1. Per residue, what accessible area does the stretch 24-63 have, given a 1.4 Å probe and all protein chains present, in Å²?
2. Which loop-located chymotrypsin sites (Phe, Trp or Tyr not before Pro) does the stretch 62-136 contain, where loop means any DSSP state but H, G, I, E or B and the Cβ has at most 10 other Cβ atoms within 10 Å?
3. With every protein chain present, what is the per residue accessible area of the stretch 91-234 (1.4 Å probe, Å²)?
4. Tally up the carbon and sulfur contribution to the accessible surface of the stretch 171-229 as a whole percent, 1.4 Å probe, everything protein left in place.
5. Tell me the accessible surface of Ser234 in square angstrom (1.4 angstrom probe, heavy atoms of protein chains only), to the nearest ten.
6. At a 1.4 Å probe radius, carbon and sulfur cover how many percent of the accessible area of the stretch 49-133?
7. Taking every DSSP beta bridge with both residues inside the stretch 74-192, roughly what % is antiparallel (nearest 5)?
8. If I compute solvent accessible area with a 1.4 Å probe over the protein chains, what percent of it on the stretch 8-47 is carbon and sulfur?
Amino acid sequence: MGYRILSMDGGGSWALIEVRALIELYSEATTGHEVLADFDMVVGNSGGSEVLAGLVENLTLKDLLGNFESDAMRRSLFFPTPKWYFRLLNLLIGVGPLYSTEHKLMELQKHLPKTGGLTLAQAAKGLGRGAAQGTDIHLMIIGFDYDANRAAFFRSSPTSGPGWGEGDQATATLAESVHASTNAPVNYFDGPAVLPSGGRFWDGAITGCNNPVLAGVTEAIGRKQPAKEIVALSIGTGTVALRHQSAGRPKPHRAHESHDQPGRWRRCLAPAGVARHAGVHRHGQSPGRRHRPGPGRQDHQLQQALDRGRRAQPADPRGHQDADPGTWGRAVQAGRRHVAGPEEFLLEHSPSS
């Protein structure tokens, strides 16, 4: 049914939350290719692109989670910059990059021995829900083109449509694409990601696509998919913002808020359709005890999530959300013109422990 998108947010090492959400739907022993077999497109930004790469590398979800939990892995990617003046600047005023951009690419290539050196088209070969019919999964990773001052979409296949223009297939490798997408500026990496395939890039979050679900939906429409047939499983890494209220505008309905104890999940479920919760997220109640899917339950849970659109988030111990819509307002309004249906949010409750 429909056209299925898996969308994964940026969030650095907090991308482990996304892996835990996938483990919740599948199991620790499920391989990356088995997850990808349920989807037609996977889109990831920053930390989410690392999860995407781990799935393409065909790691088990247990091993992928272990990578994010590994202190050695984190230290290999966040390697101290050799540029002493940046370190001094950070020490004196608290602003300045601490980590080496160049070293990160070398480590990503080591951590992706089977697929890191492949182009996205090569890495996607034979994967996805339509692979048996000869249609490979569409991979898309978000970056920010430093020289063009605009978003850069690293695609595994070209995208075009009437009135949409042409979206080229990426020449960058999987490791290079992830390198571009994970290159956070200011206090993180010491220069733009310079790719051997060409171009200089910063983290895709700069584009406004830290949650890349709307980019994925737009991409699907550009690939001639009917908007009402698109469903998205959007997995996040942290708290998100409600839209600002305009003067005189009725206050939007908010689901009951309940902040879980550390390590617990809150879940929000939106109705079927094109991930219309992407810009206006609402907290749900604590699900209480989490269930691991047994035989027969896994497919039901995945289908339920895909049918409704799912958003998994960690608890916010502060008891509130910061509202900073940035440039999202206009993007959300534009995206919603392609989306039919009500803005209602359904909550899923699991039995308490």
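1. Values: 960 Å² over 40 residues.
Averaged over the residues of the stretch 24-63, the accessible area is 24 Å².
2. Details: sites: Phe68, Phe78, Trp84, Tyr85, Phe86, Tyr99; in loops: Phe78.
Nothing satisfies the criteria.
3. Values: 6340 Å² over 144 residues.
Result: 44 Å² per residue.
4. Result for the stretch 171-229: 57 percent of the exposed heavy-atom area is carbon or sulfur.
5. It works out to around 0 Å².
6. Values: 2720 of 4500 Å².
Using a 1.4 Å probe with all protein chains present, the stretch 49-133 comes out at 61 percent carbon and sulfur.
7. Details: 11 of 12 bridges.
Around 90 percent of the beta bridges assigned by DSSP in the stretch 74-192 are antiparallel ones.
8. Working: 540 of 980 Å².
In the stretch 8-47, the share of accessible area belonging to carbon and sulfur is 55 percent.
The values are calculated or read from the model by the stated rules, or taken from the named source; none is laboratory data. Being a predicted model, the structure only gives us computed values, none of them experimental. Neighbour counts are summed over all protein chains in view; Cβ atoms, including those assigned to glycine, are modelled from backbone coordinates with ideal geometry. What goes into the accessible areas is simple: the full protein's heavy atoms, side chains included, and nothing from ligands, DNA or RNA. Shrake-Rupley method; radii C 1.70, N 1.55, O 1.52, S 1.80 Å.
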